[in-house]
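Below is one structure; the comments refer to it alone.
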Amino acid sequence: MIFRSGTTTWRINLGNGTSAGRRDLSGGVINDDKWHMLSTTFNRKGSLILYQDGVQVAAQPTFATVAGSIDGPFPLVIGNDGTANYNPTGANSINSYIADVRIWNTVLPPDIIKDWQYLDITSSHPLYGNLVGYWKLNAALGPVSKDYSKTGADLAFTSTPAPPTTTFLSNLLNPSTLDSRLLTPGLVDHSFRIMTWMGMRVDYQAWGLDGKVWSGS
């Protein structure tokens, strides 16, 4: 389970049904009026690793010596815990915009996480065949949220314990209510985007680029 921890940070809780098999790991600050890409990878014989905006922020060994399955009895739920009965107004309620949820059946290397963190997933992704869930969550509210992966597991909206709400924010990387100028791509942003369209690996730090990749539709 990935959730907001307290009022500023995020956290993951992973368990296999035994007290020795529980892992709790915290990420960085996300309550700052900016979009953040939160990623986590799990290797049964290695580590549980957390990434924020493409950068590793925490890691912990997994359960290599602990028997038991990591499959849970609950369905996949977005915006609540597996029971779908978590208090929607409690201290750890998400109270956030959620978009672009992706699930893979393999461990993504750090460079792929960073290179693709703000891009739409297409068949050109190196591990596209391992994508088993992809919900953009950028459409108007309807009965289901479309799964764009080969699995086709559309998610149904529920009114229990509280109905969901959606706000169309346009397909922008960092929508901001603080300064409307932040919603307009600059010239360096266009250059950065064009290079990513061409499939180039952009080393923006070494090349002195400070632009953003504005997400596609």
- Task: For the pairs 45/146; 34/136; 45/136, note any where the Cα-Cα span goes beyond 23 Å.
- Result: 45/146; 45/136
- Item | Per-residue HN-Hα couplings for the stretch 46-51 [Karplus 6.51, -1.76, 1.60; θ = phi - 60°; Hz; x = Gly/Pro] | x, 9, 9, 10, 10, 10
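Read-outs: derived from the displayed coordinates by stated rules, not from any lab. These figures come from a predicted structure and were not determined experimentally.
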